[in-house]
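The structure appears below as structure tokens.
The values are calculated or read from the model by the stated rules, or taken from the named source; none is laboratory data. The structure displayed is predicted, hence computed values, not measured ones. Don't worry about glycine lacking a Cβ; one is built from the backbone with ideal geometry, like all the others, and counts go over all protein chains shown. Heavy atoms of the whole protein, side chains included, go into the accessibility calculation; ligands, DNA and RNA do not. Shrake-Rupley method; radii C 1.70, N 1.55, O 1.52, S 1.80 Å.
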Amino acid sequence: SDSIQRQDFLVMLARYDGVDLTQYKGMSSGFKDVGKGSYYEAAVIWGVENGITTGYTDGSGKFGVGDKMTREQLVTFLCRYAKNCKGKNVNVSSAKKSEIKAKYKDFSSVSLFSQDAIYWAVSNGVINGKTDTTVVPQGNAQRCEVAKIMYNIFLNEIF
């Protein structure tokens, strides 16, 4: 499969943002698995500094380099980017949350950390679900899906 890896999505998002990553040279990401001088190191540091990523919260001290990014992780990064870098209001009404929960029969499998991001993404047209009734939160984000999501963001003027 052509899944996107976590570090590659942050590199893409930093480039999309137009951030000058050279300012992060020599800084530390704080993650055990982020290689010094790697092509993605500065993007990960940028992501941490802007609250886009916190890495894994399992106590491993890892970002997840080389791990395939799940759909829920992807929209969580995007939601945090919208809020922290673009100053967007990412809140969703209770009524809209209930509607989204009812529409997607697999919503119960969405991790707690990403529920608000999924609500935001669906209600703003960032994602439309994998099918009409599923969001497949644990599924790997394919590169083609990332392209479609970024297109939706452009189309709906999200940022």
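Scanning the range 100-147 for residues that are hydrophobic (A, V, I, L, M, F, W, C) and without any contact (Cβ under 8 Å) to a residue 12 or more places away in the chain turns up 102, 112, 147. Cβ-Cβ distance below 7 Å, separation of 6 or more or different chains: which pairs start in the range 23-51 with a residue that is farther than 23 Å from residue 74 by Cβ and end on one that is at pLDDT 95 or above and crowded, with 19+ Cβ neighbours inside 10 Å? From residues that are farther than 23 Å from residue 74 by Cβ, the pairs are 25/42; 27/45.
Take residue 151 and decide whether it is open to solvent by 100 Å² or more (accessible area, probe 1.4 Å), free of Cβ contacts under 8 Å to residues at least 40 places away in the same chain and assigned to a helix (DSSP H, G or I). Answer is yes for this residue. Can you name every residue in the range 118-127 that is surrounded by fewer than 18 Cβ atoms within 10 Å (Cβ to Cβ) and either more than 23 Å from residue 6 (Cα to Cα) or modelled with pLDDT of 95 or more (or both)? Residue satisfying the conditions is 123 alone. The single condition from (1) exposed (fewer than 12 other Cβ atoms within 10 Å of the Cβ); (2) under 23 Å from residue 137 (Cβ atoms) that residue 13 fails is (1).
Within the range 17-29, track down each residue that is open to solvent by less than 70 Å² (accessible area, probe 1.4 Å) and assigned to a helix (DSSP H, G or I). Those that are open to solvent by less than 70 Å² (accessible area, probe 1.4 Å) and assigned to a helix (DSSP H, G or I): 17, 21, 24. Restricted to the range 35-93, and to residues there that are among the aliphatic types (A, V, I, L, M) and under 18 Å from residue 25 (Cα atoms), the residue that is farthest from the chain's Cα centre (by Cα) is 42.
Every residue, every condition in (1) over 26 Å from residue 56 (Cα atoms); (2) among the hydroxyl-bearing types (Ser, Thr, Tyr); (3) at pLDDT below 95, yes or no:
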site: 90; (1), (2), (3): no, no, no
site: 98; (1), (2), (3): yes, yes, no
site: 102; (1), (2), (3): yes, no, no
site: 107; (1), (2), (3): no, no, no
site: 110; (1), (2), (3): no, no, no
site: 116; (1), (2), (3): no, no, no
site: 129; (1), (2), (3): no, no, yes
site: 138; (1), (2), (3): no, no, yes
site: 157; (1), (2), (3): yes, no, yes
